[in-house]
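Asker: First the structure, which I've put down as structure tokens, then a few questions once you've had a look.
The values are calculated or read from the model by the stated rules, or taken from the named source; none is laboratory data. From a predicted model like this one, the values you see are computed outputs, not experimental measurements. Here the Cβ positions follow ideal geometry from the backbone for every residue, glycine too, while neighbour counts run over all protein chains shown.
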Ligand code: NAD
């Protein structure tokens with residue numbers, strides 16, 4: 001995509017910005033001139049992302065934080081306020097997968113952690129920065145869901161947490177709409193991040209088995225997810241709010257009745 005500088009001079013906050021889809025979103029926004037605040041638990045990943053993204057000529061702030069820690073996020077919001085950083089765009093990409101278990105064997109601590117990161121972390125960020133956008137009367141947010149929100153799967157914490165995130169997204173869109181703030185979700189299907197590639201290389205995931213379920217016969221790339229996020233944040237999507245954009249190479253459409 002050609003550089004348009006559409007986000008020039010604006011701050012974008014990205015959770016999970018140290019790797020994968022969050023990092024690809026950071027790169028896409030930086031290429032269009034956005035200054036960045038990256039939040040992640042991965043300190044080394046944040047440092048690498050900062051040096052890579054700073055070379056694009058934009059300001060990059062990083063904060064090592066667990067998004068499920070509401071008090072720590074409040075501290076970051078207060079610090080950014082004090083330094084005059086006004087967040088206009090937000091991408092909520094921090095997330096963790098879970099081991100596959102039945103409801104009888106899924107460890108409750110794992111279940112609760114998956115919810116705290118995938119759902120509550122995004123809720124906390126909306127409570128802080130979505131509210132600031134509402135007061136100012138301008139802003140756009142994208143939550144990162146998953147196709148698992150919309151189908152029965154063996155991911156009994158992850159899928160329901162993502163479904164709740166999509167409902168939160170729709171619900172907040174109504175509350176924000178009169179105040180100039182939009183919020184949408186992107187639901188990726190199987191996306192070839194470095195983490196997934198490493199699992200395939202280690203023999204922990206079978207790429208052929210996954211791709212046999214995908215009508216286009218390939219993975220989405222983090223950059224393709226970022227392109228949809230960028231669209232939803234941009235003024236090109238000025239009339240779009242409360243929706244979920246599925247980016248899955250056809251997986252959802254193809255997961256119906258197979259003859
Ligand atoms: P990833 O592991 O590369 O990126 C996730 C990032 O979130 C990492 O940098 C990680 O350190 C960070 N993170 C994890 N827990 C955190 C916490 N408690 N606080 C702050 N940061 C935390 O994975 P990804 O595939 O790029 O995932 C990004 C988002 O996309 C996730 O929400 C995931 O559920 C979603 N998703 C991914 C796929 C896929 O196939 N890759 C498919 C559907 C949805």
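Asker: Does residue 23 qualify as being within 15 Å of the ligand (Cβ to nearest atom), surrounded by 23 or more Cβ atoms within 10 Å (Cβ to Cβ) and not in a helix (DSSP H, G or I)?
Answerer: no
Asker: Could you say which residue among 183, 200 is over 21 Å from residue 10 (Cα atoms), free of Cβ contacts under 8 Å to residues at least 60 places away in the same chain and more than 10 Å from the ligand (Cβ to nearest atom)?
Answerer: 200
Asker: Go through segment 125-155 residue by residue and tally those that are buried (at least 24 other Cβ atoms within 10 Å of the Cβ), more than 17 Å from residue 182 (Cβ to Cβ) and more than 10 Å from the ligand (Cβ to nearest atom).
Answerer: 0
Asker: Could you check residue 29 against (1) more than 14 Å from the ligand (Cβ to nearest atom); (2) in contact (Cβ under 8 Å) with a residue 24 or more places away in the chain; (3) farther than 21 Å from residue 183 by Cβ and say which number it fails?
Answerer: It is condition (3) that residue 29 fails.
Asker: Next question, about the same structure. With 46, 39, 53 as the choices, which residue is under 22 Å from residue 234 (Cβ atoms) and near the ligand (Cβ under 10 Å from one of its atoms)?
Answerer: Every option except 39 fails the conditions.
Asker: Would a scan of segment 199-213 turn up a residue that is at pLDDT 95 or above, in a helix (DSSP H, G or I) and closer than 19 Å to residue 138 by Cα?
Answerer: The answer is no; no qualifying residue exists.
Asker: If you go through segment 225-240 one residue at a time, do you hit one that is closer than 24 Å to residue 102 by Cβ, buried (at least 16 other Cβ atoms within 10 Å of the Cβ) and within 12 Å of the ligand (Cβ to nearest atom)?
Answerer: no
Asker: As an exercise: evaluate residue 102 against (1) under 30 Å from residue 157 (Cα atoms); (2) within 14 Å of the ligand (Cβ to nearest atom); (3) out of contact with any strand residue (DSSP E or B) (no Cβ under 8 Å at 6 or more places or on another chain) and give the number of the one condition it does not meet.
Answerer: Condition (2) is where residue 102 drops out.
Asker: Here are some conditions: (1) within 12 Å of the ligand (Cβ to nearest atom); (2) part of a loop (DSSP other than H, G, I, E, B); (3) in contact (Cβ under 8 Å) with a residue 24 or more places away in the chain. Residue 216 meets all but one. Which one does it not meet?
Answerer: It fails just one condition, (1).
Asker: Mind listing whichever residues of segment 87-109 are over 19 Å from residue 16 (Cα atoms) and in contact (Cβ under 8 Å) with a residue 24 or more places away in the chain?
Answerer: 100, 101, 102, 103, 106
Asker: Given the conditions (1) in contact with a strand residue (DSSP E or B) (Cβ under 6 Å, 6 or more places away or on another chain); (2) near the ligand (Cβ under 10 Å from one of its atoms), and given that residue 88 satisfies all but one, which numbered condition is not satisfied?
Answerer: (2)
Asker: Kindly check whether there is at least one residue in segment 62-84 that is under 22 Å from residue 186 (Cα atoms), in contact (Cβ under 8 Å) with a residue 24 or more places away in the chain, away from the ligand (no atom under 11 Å from the Cβ) and touching a helix residue (DSSP H, G or I) at 6+ places or on another chain (Cβ under 8 Å).
Answerer: No - not one qualifying residue is present in segment 62-84.
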